[in-house]
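Okay, so here's the structure we're looking at.
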Amino acid sequence: MTKGGMESVEVFTSEGKGRGLKAQKEFLPGDVIFAEPAYAAVVFDSLTHVICHTCFKRQERLHRCGQCKFAYYCDRTCQRAAWLNHKNECSAIKKHGKAPTENIRLAARIMWKIEREGSGLAEGCLVSIDDLQNHVDSFGEEEKKELHADVESFLEFWPSQSQQFGMQFISHIFGVISCNGFTLSDQRGLQAVGVGIFPNLCQANHDCWPNCTVIFNNGKIELRALSKISPGDELTVSYVDFLNVSEERRKQLKKQYYFDCACEHCKKQIKDDLMLAVKEGENKPSAEMVKEVIQFSKDTLEKINKARMEGLYHEVVKLCRECLKKQEPVLGDTNIYLLRILSIASEVLSYLQMFEEAADYAKRMVDGYMKIYHPNNAQLGMAVMRAGVTHWHAGLIEAGHGLICKAYAILLITHGPSHPITKDLEVMRVQTEMELRMFQQNEFMYYKMREAALKNQKIQVMPEPSNETSPSLFHKKE
């Protein structure tokens with residue numbers, strides 16, 4: 001069997017959940033179950049000039065399409081590869097006078113592909129576009145209004161000489177985009193840059209503690225095993241971040257994906273006790289005190305978001321320190337409100353190059369995450385990597401190297417050895433190992449050489465904090 005082929009999975013009817021995917025053979029952690037190119041995909045409106053429209057890589061200098069002046073590409077190779085999908089779009093944009101929004105562009109690309117190939121089963125697809133769920137019947141008033149506006153804009157943009165589709169089918173396509181649009185991230189996996197439709201991936205059902213993860217790598221999405229999977233096991237992915245109590249996750253899933261989660265972790269509220277932990281012992285806080293601190297934390301998180309939007313990072317640090325002072329005597333080490341503040345504080349302090357304080361918070365954050373997340377969780381791996389780099393910057397070489405090794409072990413499973421971020425991590429791992437040996441042989445010499453090396457540093461200073469959390473699996477309007 002070819003790696004990543006569709007022969008190793010089958011579609012089946014999953015009790016109470018509609019269609020699902022089942023393994024046809026055994027998989028071990030880190031195995032690629034399948035890799036799937038997008039049926040259609042587009043770059044987000046805000047990033048159309050900085051991201052290649054073919055491979056979704058972020059590049060300093062991109063070539064612009066000379067015809068429509070809208071699409072950008074890494075080079076001629078990417079431009080040529082895009083032509084089949086861009087050809088109709090190119091002339092439609094020229095005629096329309098400007099490019100429409102990402103939703104309209106994605107719907108149009110899907111329809112042009114249907115015009116070329118028909119709407120039956122595309123090559124390598126387990127289901128056809130016609131058969132994907134659209135949930136239009138479950139839309140609320142606001143969503144129906146948005147759908148109506150999208151259909152109107154689409155009809156204005158769609159060329160008269162192209163195949164004409166009925167209103168119901170156009171609504172179906174927008175419904176499919178709304179529930180099944182998958183977020184594409186840049187080559188380093190750090191920023192959401194576009195949205196695509198992947199019919200096979202759409203068949204994987206949700207579980208808050210899944211046995212698979214999804215990563216965008218080299219122009220395709222990969223479904224990767226997180227734990228040992230036996231033939232006949234259902235393949236599941238998580239549509240939401242686990243770092244939320246079961247009631248909140250269920251609310252989010254109901255609102256965004258229109259189903260009631262009945263996974264083991266939600267039914268039994270597994271790990272909720274850890275996420276809501278309070279200090280134990282003789283100084284155990286009263287329920288009133290806990291309620292007050294959690295409300296204070298929620299209010300602070302709102303203020304932090306506002307300050308981050310305005311780039312007031314010293315204000316963010318001040319708010320975090322104040323909040324931690326209130327939280328520390330009351331909340332347990334794994335409480336999600338404490339972990340959220342520790343995460344923001346360590347990220348922003350690293351950016352401000354206040355590495356020692358950042359490392360302390362990052363260590364506490366990672367210790368909490370380790371008790372909550374699945375051991376092979378991609379977000380856990382990324383958080384451990386950031387903590388490792390922060391420790392390295394703080395001159396804590398032993399702890400830094402340990403964290404970088406731990407992150408590397410997780411990312412080998414979640415991202416695989418060929419992913420750019422895993423390759424970056426391997427370089428850091430080798431560098432920190434070399435430094436650690438030097439440190440153990442002669443501490444004084446190590447710090448002297450480190451000082452010199454920092455002027456020509458290899459490991460990058462932290463990027464400016466973004467207001468986005470890690471890119472979520474599916475592209476949804478909040």
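The listed peptides 374-384, 85-95, ordered by packing as a protection proxy, come out as 374-384, 85-95 (highest mean of other Cβ atoms within 10 Å first). Where does the range 185-320 land on the Kirkwood hydrodynamic radius, alpha-carbon pairs, in angstrom? Taking the inverse mean of 1/r over all distinct Cα pairs, the range 185-320 comes out at 18.4 Å. Phi-derived couplings, Karplus 6.51 cos²θ - 1.76 cosθ + 1.60 at θ = phi - 60°, listed residue by residue for the range 398-414: 5, 5, x, 5, x, 5, 5, 5, 5, 5, 4, 5, 5, 5, 4, 7, 7 Hz, with x used for Gly and Pro.
To the nearest ten degrees, helix 167-180 and the longest principal axis of the Cα atoms of the chain are 20 degrees apart. Restricting the calculation to Cα atoms, the range 26-144 yields a radius of gyration followed by a Dmax of 16.8, 53 Å.
For the range 147-269, a crude dipole built from +1 on the beta carbon of Lys and Arg and -1 on the beta carbon of Asp and Glu, taken about the Cα centre, is about 340 debye to the nearest 20.
Compactness ratio of the chain: Cα Rg over 2.2 N^0.38 Å, N = residue count? The partial results should precede the final answer.
Numbers: Rg = 24.0 Å, N = 478, 2.2 N^0.38 = 22.9 Å.
Compared with the compact-globule rule of thumb, the chain sits at 1.05.
Computed extension length for D367-R437: 22.7 nm, one decimal, from 0.36 nm per residue of separation with the Cα-Cα distance subtracted. Think of the range 248-390 as having a plus end and a minus end, set by charges on the Cβ of Lys, Arg, Asp and Glu; of Q379, L312, Y369, Q379 sits farthest toward the positive end of this dipole.
The range 379-441 and the range 61-79 have Cα centres separated by 36 Å. About the centre of its Cα atoms, the chain shows a dipole size close to 1120 debye [charges on the beta carbon of Lys, Arg (+1) and Asp, Glu (-1) only; nearest 20 debye].
Students often get this wrong, so check it: of K267/K371; K255/K325; K94/K144, which have C-alpha atoms separated by over 25 Å? Beyond 25 Å: K255/K325; K94/K144.
Straight-line reach from K448: taking Cα to Cα under 24 Å and skipping same-chain neighbours fewer than 8 places apart, the lysines in range are K458.
Using 1/(1 + (r/R0)^6) with R0 = 30 angstrom and r between the beta carbons of S153 and R116, what's the FRET efficiency to the nearest 0.05? Once the sixth-power term is evaluated, E becomes 0.85. Ordering C208, G166, T300 by the projection of their Cα atoms onto the charge dipole of the chain, which places +1 on the Cβ of Lys and Arg and -1 on the Cβ of Asp and Glu, puts G166 at the extreme positive end. At a Cα cut-off below 17 Å, give the lysines reachable from K326, other chains included and same-chain residues fewer than 8 away excluded. The reachable lysines, counting only those whose Cα sits under 17 Å from K326, are K279, K284, K291, K298, K303, K318.
Counting only DSSP H runs of at least 4 residues, each contributing -39500 (n - 2.57), and dividing by the residue count of the chain, the helix-based mean residue ellipticity at 222 nm comes to -15500 deg cm²/dmol. The calculated pair-distance distribution of the range 274-417 uses every alpha carbon pair, bins of 5 angstrom beginning at 0, and gives 2, 11, 18, 19, 19, 16, 10, 4, 1, 0 percent.
When the GluC sites (Glu not before Pro) in the range 7-68 are filtered for DSSP coil states and for at most 12 other beta-carbon atoms within 10 Å of their beta-carbon, the remaining sites are E15, E60.
Rounded to the nearest 0.05, what FRET efficiency do E142 and K326 have when you use their Cβ-Cβ distance and R0 = 41 Å? Plugging the Cβ-Cβ distance into 1/(1 + (r/R0)^6) gives 0.70.
Applied to the range 296-307, the Karplus parametrisation 6.51 cos²θ - 1.76 cosθ + 1.60 on θ = phi - 60° returns per-residue 3J(HN,Hα) values of 4, 5, 4, 5, 5, 4, 5, 5, 4, 4, 5, 5 Hz, with x for Gly and Pro.
Shown here is the pair-distance distribution of the range 131-249: with all Cα-Cα distances grouped in 10 Å bins from zero up to the longest one, the shares run 11, 31, 35, 18, 5, 0 percent.
Protection proxy ranking for 222-230, 291-299, 271-279, using the average of other Cβ atoms within 10 Å per residue and placing the highest first: 222-230, 271-279, 291-299. Overall, the range 260-396 carries a charge dipole of about 140 debye about its Cα centre when +1 sits on the Cβ of Lys and Arg and -1 on the Cβ of Asp and Glu, all other atoms neutral. Derived scalar couplings between HN and Hα for the range 111-124 equal 5, 5, 5, 5, 4, 6, 10, x, 9, x, 5, 6, 4, x Hz in order, rounded to whole Hz, by the Karplus curve 6.51 cos²θ - 1.76 cosθ + 1.60 (θ = phi - 60°), x for Gly and Pro. Remark on L331: its backbone amide H falls under 5 Å from those of K279, a criterion applied only to residues 5 or more positions apart or on other chains, H modelled at 1.01 Å from N. Compared with the dominant principal axis of the Cα atoms in the chain, helix 313-327 is inclined by about 60°. Taking the centroid of alpha carbons for each part, the range 142-174 and the range 206-230 are 33 Å apart.
Per residue, the chain exposes an accessible area of 49 Å² to a 1.4 Å probe, with every protein chain left in place.
Taking amide H positions as modeled 1.01 Å from N, with prolines and chain starts lacking one, the residues under 5 Å from V9 and 5 or more places away or on another chain are Q24. Positive end of the dipole of the chain (Cβ unit charges, origin at the Cα centre): among V176, S138, C68, the Cα lying farthest that way belongs to C68.
The values are calculated or read from the model by the stated rules, or taken from the named source; none is laboratory data. Note that the structure is a prediction, hence the values are computed from the model and not measured. Note: ideal-geometry Cβ built from the backbone for every residue, glycine included; neighbour counts use all protein chains shown. Quick note on the areas: whole protein, heavy atoms, side chains included, nothing else; ligands and nucleic acids left out. Shrake-Rupley method; radii C 1.70, N 1.55, O 1.52, S 1.80 Å.
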